[in-house]
Amino acid sequence: MTEDEVADAERELGVRFPAEYRAYLRDAPDGAAHRVVRTEAGWRWPGDRRLRSDLLAVPFPHPDSYVEADAALCAREPLAADFPDDAAYGAAWKAWDAECEEFEDWRTAGAMLLEEHGCGFATLLVVTGPLAGTVWWDGRATCDRIVPLSLDHGGGGEPVTFAEWLGRGSWDLLPPGWG
């Protein structure tokens, strides 16, 4: 991509890509994976059907920051016994479910899809906030967790950067016991 194309994508998406990702976009050959591309709908990452561009500029929340909010949301799940009839329960549950969907979208705010691994697993690149430039594993499909991919899980598990991740397998950078 040219610098003008990178700047155009950033402008449209409302973010500034991390330096390593910007360099990759400018230097990677045409057709390389992990690239943002111009589509009829605007700039997108191929395969990312979940992208909420309105949340891309919102700083990525560290998973530790929303543990209590997640527990509180789960505790508010409507119970059929608390409602006079099925219609009232159904309406309450539908509203709660919509809140859950919004919360799930917010958990990956500020991140883009690098790779879809199937079965709901994905590798994410954080593009905004204090963790911008780091790479994370979205394992919510089985364990409801988003964890950093790291070269040293035993020594603190600092998330890898895009350049450290590139050319490695995400599965190899997961904490021990995954996969």
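The values are calculated or read from the model by the stated rules, or taken from the named source; none is laboratory data. Note that the structure is predicted; figures quoted are calculated from it, not measured. Using ideal geometry, Cβ is built from the backbone for each residue, glycine included, and neighbour counts are taken over all protein chains shown. Just the protein is used for accessible areas: all its heavy atoms, side chains included, with ligands, DNA and RNA removed. Shrake-Rupley method; radii C 1.70, N 1.55, O 1.52, S 1.80 Å.
Observations on the model:
- Scanning the stretch 24-59 for residues that are touching a residue at least 40 places away in the same chain (Cβ under 8 Å) and of a type in the set (Gly, Ala, Ser) turns up ALA33, GLY47, SER53, ALA57.
- Among the conditions (1) within 28 Å of VAL135 (Cα to Cα); (2) of a type in the set (A, V, I, L, M, F, W, C); (3) touching a helix residue (DSSP H, G or I) at 6+ places or on another chain (Cβ under 6 Å), ALA69 misses just one, which is (3).
- Checked against the criterion of being open to solvent by 20 Å² or more (accessible area, probe 1.4 Å), touching an Asp or Glu at 6+ places or on another chain (Cβ under 7 Å), modelled with pLDDT under 85 and farther than 14 Å from GLY110 by Cα, the candidates GLY31, GLY47 yield just one match: GLY47.
- Taken together, GLU68, GLU77, GLU10 contain a single residue that is of a type outside the set (Ser, Thr, Tyr), assigned to a loop (DSSP other than H, G, I, E, B), within 30 Å of PRO148 (Cβ to Cβ) and at pLDDT 90 or above, which is GLU77.
- Failed item in (1) within 29 Å of GLU115 (Cα to Cα); (2) out of contact with any strand residue (DSSP E or B) (no Cβ under 9 Å at 6 or more places or on another chain); (3) surrounded by 12 or more Cβ atoms within 10 Å (Cβ to Cβ); (4) of a type outside the set (S, T, N, Q), with TYR89 passing the rest: (1)
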